[in-house]
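Structure, as structure tokens:
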Amino acid sequence: MASARRYSRVEEADLEALRGIVGPDNVSTRDWELEIASSNAVSEIEGAAEAVVWPTSADQVSGILRYCSRRGIPVTPRGSGSSTSGNASPVMGGVVISTRRMNRILEVSREDLLAVVEPGVIYEDLNARLREQGLFFPPEPASGSVSTIGGMVGNNSSGFRAVKYGVTRDYVTELEVVLPSGEIVRLGTRAPKSSIGYDLVRLFVGSEGTLGFFSKITLKLRPLPEARRTGICYAATPERASSAIFEIVASPARPSAVEYMDSRVLRLLVDSGYPYRDAGAALLLETDGTEKAAEEGMSRLEAVCRSKGNEFGPVEGAEEEAMWKGRRSLGALVAKLSPAVIVGDVDVPVSRLPWMVEEIYRLGDGMGVGLVVFGHAGDGNLHVNILVGGTDDAAHRRAMDLYSKIIEKAVEAGGAIAGEHGIGFEKRPFMEAQHGRAALEIMRGIKGAVDPTWIMNPGKLLPD
Amino acid sequence: MDHEPGEAAAGLARGIRELLGEAADVAALCMRCGFCNAACPTSAVPSAYLESRTSRGRAILFRGLLTGRTVDEPLSDEVASDVDYCMSCGRCMNACPLEIPIPLLVGAYRELRGRERGRGPAEAVLRRYEALDRLAGEVPGIYNAAAGLMRGAAARALGFREDLELPRASRRRPNLRSWEGGDVLLLIDTYTWAHEPEAPEAVWRLLTAMGLRPEVVGPLDHGMVLLDLGYMSRLKEEGARLVGEIGNAARGRPIVIVSPASYYMFRRIYPLLLGDAARRLAAGITDVYGLLMERCRGTGRDGGGVVYHESCLAKSNGQGDRIVGALRMAGYGVQGTLRRCCGLGGAWGLRRNTAGISDEMVNEFLEEASGLPEGSTVASESEACRFQLRRLLPRAAVVYPAELLRRALEEGRLHCAHP
């Protein structure tokens, strides 16, 4: 991976030093372990980890970062490696710090509606614990059964319920961060609100491991809804589905999920045994709240769906569970359609969704490159999965060309090049189009101030 | 082994393809999403902080091997001991969007490594477990005496855990009338035949209460231990024979199993290994709980409280909801579910090389079960779980769910309509 910066390789003396910090059993250079630590979910971006370490405390992380800063060795924090943008792959080599041994839920406060966790806690494990107290942490990424809270905070992840409940950034109120210098800092407060100067918590959330290592995270929580209802709105064409989305989102029903799936996605789900059916497109809908609110809300969404000439069906029980499982599995199921996939994640204002959807298909058809589209349409987020269709360079170039054009369209629509998957490695070339040169310089300045040796997850987020 | 780097990996990949055919190819599609880790009972134990010990780690190993990436020493003791975190329960396949058959890949790995490096004595003993179960059924006194000696140094010498306990053989066999050409086939596995005759008897009683006339087949082996140990060539041979015999006997009739291991092997594993004949047979495999939910109704009388332990195989087979549904219908208040794995995993946890992992799982299970009131009734459909739960929860009454349903029938809490 090209970069103007030069980094040190991990030598035996470095391994000895790392063993001294975390213990001899908690440093590995085995080829298999390195391959795992170099991988992502879906993304073909592979890193080249030279060592993996498993610390158990902020103090140990501090020792690792201080040492690596001094030696100029790249450091990549890693949760479950479920990123689809290469965020957790050590593309510049160096040391991977796994959070698998920092996985304790330290506190759940019902009174304050807060949880304090270590970064390696799995999203669903946290929610299983919170459920006992009638609480939940809402963002719900599709990969919630494996995503770590540290990874979610690093990536500002979200998912099905962002349309109603917002994204991870909205819930992080306090962070303990180990800076590249080894210094451990506390950012933010536990207060429900604050007006205390620059909001460094919001800066660090979504920084993709480029500014520091989150060793303790305080999250706001919500009371668990009493009930949820699911319905499916089948449309004859993508336009009919996307044109229903504004009214669904604007409805007093306040849907807790609005998931778009195109015809090819529906066929894939049917072929994979999930209880969907063929249509031009579909919206998988959810409402929540009290029993009455969830029920009435879904009735309102049904009315909106039908008013656009679409077909609606309520879904419950095993079918409901299977439909959501199918939706969660889509990111991986797409592998059945193509040996290589480029996972797009554009986000546009909801008013531009019909235009964006139409442009995506027009571009794909025009370039003769296959694609499927699904995503959290309620918050404008479309996962455009480009089917590379072959393993040769030409096929990849064609797919990347299409990807670039789709991203340009998203920016043209006033949207974001990444809604929830982060920038990682792949989207860096589009950062200037997204932010402009001046804003990028501010970002580089921040990076240089916090991480003067640029050891934290180099090769990610910021273009060279 | 004096392989050149890469040579061993390439040989292993060839061997896996030869053993598994197209079932191996899907592994190359692995997107590395890690959903399998969330389902795998061993991937969250403390010592599995090394990702090579997790389900996803195994998927990445096989993906790498089958796509030409090399691991320098894939057959080393270190790699093998990490692969041994797999207990072959198949929960990973349920969670995997692509249904990558990790247990088959692990089984193939174990067979190929066994060919290169030899096998331990525990594997040689367990390989003949069907013969041992038959011995247990035919001469229970001799079997029980021998089993009682298998502790301490003797167990260690044979590659088993030192504190090994083996299930005792029952002194009686299931006593069941069989209707040749009846409505359903009732498959009795060798384990319950030898050790827990009341389990097939309970299923038989429920079937007859529904007006069905079971043709009883067995005792027969389902092959789960061969899969777990990685005797894949033999498993394919045995599986083909069983599928042929049972297919001929069934002639399109539903086939009701007693053990969830039978369900797992006939419904999920053999179709992947053996193709069309096994797929046709799989379509007829069912359990008594589904039939009961269709044909019986509860009378509303209270049967008391039950705690349900969902075994790994029940999770893998998707049987749990049916079982809980049937228990509730029969008036049992299912007060909670023990979801943690009991740590035995069939015969997996008996071996010395997996004893430490098994103990980690037991610790987590005991923590979950710590609030269980004394005298609780705990239902689990897996025979290995029942054996383990009786050891771990000596103050609980551990039962086969069909046995509870049989009691409900006799106590008038279930009414079953004749078709």
inquiry  = So, residue A:234, is that one within 19 Å of residue B:97 (Cβ to Cβ), at pLDDT 95 or above, aromatic (Phe, Trp, Tyr) and buried (at least 18 other Cβ atoms within 10 Å of the Cβ) or not?
reply    = no
ask   = Among the residues of the stretch A:262-294 satisfying the criterion of being assigned to a helix (DSSP H, G or I) and either touching a Lys or Arg at 6+ places or on another chain (Cβ under 6 Å) or of a type in the set (Ser, Thr, Tyr) (or both), which is nearest to residue A:235 (Cα to Cα)?
value = A:263
ask   = Within the stretch A:342-368, which residues are over 17 Å from the mean Cα position of the chain (by Cα), of a type in the set (Val, Ile, Thr) and either farther than 19 Å from residue A:408 by Cβ or modelled with pLDDT of 95 or more (or both)?
value = A:350, A:360
inquiry  = Any residue at all in the stretch A:45-59 that's surrounded by fewer than 24 Cβ atoms within 10 Å (Cβ to Cβ), out of contact with any His (no Cβ under 6 Å at 6 or more places or on another chain), more than 26 Å from residue A:17 (Cα to Cα) and within 13 Å of chain B (Cβ to nearest Cβ)?
reply    = yes
request  = Having 1 or more residues that are of a type in the set (Lys, Arg) is the bar; report the helices (runs of 4 or more DSSP H) wholly within the stretch A:111-226 that clear it.
outcome  = A:123-131, A:162-165, A:200-204
ask   = What single numbered condition from (1) under 18 Å from residue B:348 (Cα atoms); (2) surrounded by fewer than 17 Cβ atoms within 10 Å (Cβ to Cβ) fails to hold for residue B:82?
value = (2)
message = Criterion first (under 25 Å from the mean Cα position of the chain (by Cα), among the hydroxyl-bearing types (Ser, Thr, Tyr), buried (at least 24 other Cβ atoms within 10 Å of the Cβ) and outside any loop (DSSP other than H, G, I, E, B)) does residue A:76 satisfy it?
response = yes
request  = Consider residue A:106 carefully, then state whether it is more than 23 Å from residue A:329 (Cα to Cα), among the aliphatic types (A, V, I, L, M), touching a residue at least 40 places away in the same chain (Cβ under 8 Å) and surrounded by fewer than 24 Cβ atoms within 10 Å (Cβ to Cβ).
outcome  = yes
query = Tell me, which residue of the stretch A:269-315 that is in contact (Cβ under 8 Å) with a residue 60 or more places away in the chain, over 20 Å from residue A:161 (Cα atoms) and in contact with a strand residue (DSSP E or B) (Cβ under 7 Å, 6 or more places away or on another chain) is nearest to the other protein chains (Cβ to nearest Cβ)?
reply = A:313
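Yes/no per residue for (1) within 21 Å of the chain's Cα centre (by Cα); (2) away from chain A (no Cβ under 13 Å):
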| residue | (1), (2) |
| --- | --- |
| B:59 | yes, no |
| B:68 | no, no |
| B:74 | no, no |
| B:78 | no, no |
| B:87 | yes, yes |
| B:97 | no, no |
| B:100 | yes, no |
| B:105 | yes, yes |
| B:109 | yes, no |
Any helices (runs of 4 or more DSSP H) falling wholly within the stretch B:121-235 and containing at least 2 residues that are more than 18 Å from the chain's Cα centre (by Cα) = B:121-127, B:129-138, B:140-149, B:152-157, B:198-209
query = What number goes with the only condition from (1) modelled with pLDDT under 95; (2) facing another protein chain (nearest Cβ under 10 Å); (3) closer than 29 Å to residue A:330 by Cα that residue A:86 does not pass?
reply = (2)
task = Kindly indicate whether residue B:20 is farther than 27 Å from residue A:45 by Cβ and either modelled with pLDDT of 90 or more or hydroxyl-bearing (Ser, Thr, Tyr) (or both).
result = yes
inquiry  = Of all residues being surrounded by fewer than 24 Cβ atoms within 10 Å (Cβ to Cβ) and farther than 19 Å from residue A:325 by Cβ in the stretch A:138-164, which is nearest to the chain's Cα centre (by Cα)? Just the residue, please.
reply    = A:156
message = Condition check: within 25 Å of residue A:132 (Cβ to Cβ), free of Cβ contacts under 8 Å to residues at least 40 places away in the same chain and surrounded by fewer than 21 Cβ atoms within 10 Å (Cβ to Cβ). Does residue B:368 satisfy that?
response = yes
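For every residue, the table says whether it meets (1) within 7 Å of chain A (Cβ to nearest Cβ); (2) more than 24 Å from the chain's Cα centre (by Cα).
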{"position": "B:14", "(1), (2)": "no, yes"}
{"position": "B:17", "(1), (2)": "no, yes"}
{"position": "B:20", "(1), (2)": "no, no"}
{"position": "B:26", "(1), (2)": "no, no"}
{"position": "B:31", "(1), (2)": "yes, yes"}
{"position": "B:44", "(1), (2)": "no, no"}
{"position": "B:48", "(1), (2)": "no, no"}
Residue B:104 being surrounded by 22 or more Cβ atoms within 10 Å (Cβ to Cβ) and modelled with pLDDT of 95 or more = yes
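The values are calculated or read from the model by the stated rules, or taken from the named source; none is laboratory data. Small disclaimer: the values here were computed from a predicted structure and weren't measured. All Cβ positions, even for glycine, are placed from backbone atoms using ideal geometry, and neighbour counts span all protein chains on display.
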